[in-house]
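Everything on this sheet refers to the single structure shown next.
The values are calculated or read from the model by the stated rules, or taken from the named source; none is laboratory data. These figures come from a predicted structure and were not determined experimentally. Here the Cβ is made from the backbone with ideal geometry for all residues, glycine too, and neighbour counts use every protein chain on show.
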Amino acid sequence: MKSDIEIAQAIELRPISEIARAAGLNGDDIVPYGRHMAKIPLSVMDRFHDTPDGHLILVTAMSPTSMGEGKTTTTIGLGQALNRIGRRAVMAIREPSLGPCMGLKGGAAGGGYSQVLPMEDINLHFTGDLHAITAAHNLLAAVTDNHLHHRSSPELNPRHVVWKRVIDMNDRSLRSVILGLEDRGLNGVMREDGFEITAASEIMAILCLSRDLIELKARIGNVIVGYDYLRKPVFAKDIGGAGAMAALLKHAVNPNLVQSVEGVPVFVHGGPFANIAHGCNSLAATRMALKLADYTVTEAGFGADLGAEKFFHIKCRTGGLKPSAAVLVVTQRAFVLHGIDNIRKHLDTLRAFGVPAVISINRFLVDSEHDLLELKARCEDLGCEAVITDFRESGGEGGLELAEKVVRACGHGNAFRMLYDLAMPIMDKVRTVAEKVYGARDVVFTSQAAADIRAIENMGYANLPVCIAKTQSSLTDNPKVPGFPKEPFTITVSGARVSAGAGFVVIYTGRIMAMPGLPRTPAALAIDVDGDGNISGLF
């Protein structure tokens, strides 16, 4: 079996201008980054203002294993399959983060004959978007500490600064740091701080939910960097820097265009975490794709309890999107871990949102035909069409039946709906998600969480959607409880904070790491480059 990078390096890439033409764009619409990548200015949307949106298809999954179940591979493969059956389709996915790429999961550009190219560039730096987000985020951190050092007005309480620093790498030693040591205050105010991974940055979430640069700058201004001595919020617009941050992001805000193995246009833009943030590619890229194609295939991180729920409640609500269908990715290895009741629960979630679903059973080489056919029969017993797909080894050809079923599902009419109204109290929104999406009996709010939520509501943010930070390994808040618990369970909320710029309230359950660590044997140890610049070991 060829590795992903061996397959990617054997493909003769088409010029990005040719890919742009296939997407309905002309040479003046693109800003090339070399021969095979380009930025698409948001101003292009003005030309397509009156063009009706195509169908939006979400690829989500059952609760995953630690290695993931192949949502990106399915997303790319399905887009290729749709084109093979004569449907004009493009894909819109998240940008890979260097943290997971160098850590456990490897790259995030799909796999085999269903991946996006140039694979090495997309996984390693790409067009510099994540670096720009990192720089913009850390500029605000520097301005905040400078504001503290000079005791500028409004006066920040150093114990209540909430804006941490970020880096696009898994580095557990940076989770907690002390700033301002030595030199009797010349190095700034001594205080506790820490780093998070760039994908967890509120600036990442802001970029992915903004329609244009003006909105992005306004949202940055609304970021809360900390609180004064009376617990009154201090915003980025109060201390300055929003304009400079937006200047650093002037190119990053534009979606990136690349191609799949089969030459299908793919937008790759933005990449927020799916447990601590909303886990979807940028709204701008998705809206652009919807104008350029009859079918847009996109994905949301982890299982439907995290990615799909946030895709619907946050991204679709913010952008006015109405998904036509969903694909639930199921694998034999995840089924062995989580069981059929887990699949049933995720299907029920999609149905609760009014989105018709089709199950894609993603084939791995180690799977036996007997096991896959038995899994297919059990999935169909749940009242949902199921298809065994082989996108990794066969590209679009490996999912033609799935493509046909998805097209039919898109024709069922749109009954999409939200599970909660924004006017509901924050605690009621959390209970709604916990009960209807996770299957929990109840939610327990600690005294700290209750105090946090009261403070958030008193600041005027009660009408925001909730973004629940929860483990992806379980429907519960305990990563060691797989499947779907037979006994009634509760979700414990330990705290909350408002991402005022992004426009949602983060609700913390369990122990969620915003700065992951590297495994014992990081993927980075296998990556190398020769004297000619040929990269190996990337997957």
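Take the residues in region 502-528 that are more than 17 Å from Met169 (Cα to Cα) and of a type in the set (A, V, I, L, M); name whichever of them is surrounded by the fewest Cβ atoms within 10 Å (Cβ to Cβ). Walk me through how you get there before you give the answer.
Going residue by residue through region 502-528, those that are more than 17 Å from Met169 (Cα to Cα) are 502-511, 528.
Right, trim to of a type in the set (A, V, I, L, M) and you get 502, 505-507.
Values: Ala502: 28, Val505: 25, Val506: 23, Ile507: 28.
Result: Val506.
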Checklist outcome for this item: Out of (1) over 20 Å from Ser499 (Cα atoms); (2) assigned to a helix (DSSP H, G or I), the one Asn254 does not meet is (2)
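Assess whether Leu382 counts as being within 25 Å of Phe364 (Cα to Cα) and assigned to a loop (DSSP other than H, G, I, E, B). Steps first, answer last, please.
On the way: within 25 Å of Phe364 (Cα to Cα): yes; assigned to a loop (DSSP other than H, G, I, E, B): yes.
Answer is yes for this residue.
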Next on the checklist: Tell me whether region 70-83 contains one or more residues that are farther than 14 Å from Val264 by Cβ, in contact (Cβ under 8 Å) with a residue 40 or more places away in the chain, touching a Ser or Thr at 6+ places or on another chain (Cβ under 8 Å) and not polar (S, T, N, Q).
Outcome noted: yes
Item to check | Candidate set from region 42-99 (those that are touching a helix residue (DSSP H, G or I) at 6+ places or on another chain (Cβ under 7 Å) and among the acidic types (Asp, Glu)); member that is farthest from Ile122 (Cα to Cα) | outcome: Asp53
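State whether one or more residues within region 92-103 are in the same structural domain as Ser360 (by TED's automatic domain parsing) and among the polar types (S, T, N, Q). Steps first, please.
First pass over region 92-103, keeping only residues in the same structural domain as Ser360 (by TED's automatic domain parsing): 92-103.
Now drop any that are not among the polar types (S, T, N, Q), which leaves 97.
Within region 92-103, one or more residues are in the same structural domain as Ser360 (by TED's automatic domain parsing) and among the polar types (S, T, N, Q).
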Item to check | Output for region 102-159, where each listed residue is over 29 Å from Val264 (Cα atoms) and of a type in the set (A, V, I, L, M, F, W, C) | outcome: Ala135, Ala136, Leu139, Leu140, Ala141, Ala142, Val143, Leu148, Leu156
Next on the checklist: Being outside the structural domain of Val90 (by TED's automatic domain parsing), among the charged types (D, E, K, R) and touching a residue at least 24 places away in the same chain (Cβ under 8 Å) is the filter here; which residues of region 394-422 pass it?
Outcome noted: Arg417
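Yes/no per residue for (1) in a helix (DSSP H, G or I); (2) surrounded by fewer than 20 Cβ atoms within 10 Å (Cβ to Cβ); (3) within 22 Å of the chain's Cα centre (by Cα); (4) in contact (Cβ under 8 Å) with a residue 40 or more places away in the chain:
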{"residue": "Glu435", "(1), (2), (3), (4)": "yes, yes, no, no"}
{"residue": "Ala451", "(1), (2), (3), (4)": "yes, yes, no, no"}
{"residue": "Ala462", "(1), (2), (3), (4)": "no, yes, no, no"}
{"residue": "Ile468", "(1), (2), (3), (4)": "no, no, yes, yes"}
{"residue": "Thr476", "(1), (2), (3), (4)": "no, no, yes, no"}
Item to check | Matching entry among Arg520, Arg497 (being assigned to a loop (DSSP other than H, G, I, E, B), charged (D, E, K, R) and not assigned by TED's automatic domain parsing to the domain that holds Glu120) | outcome: Arg520
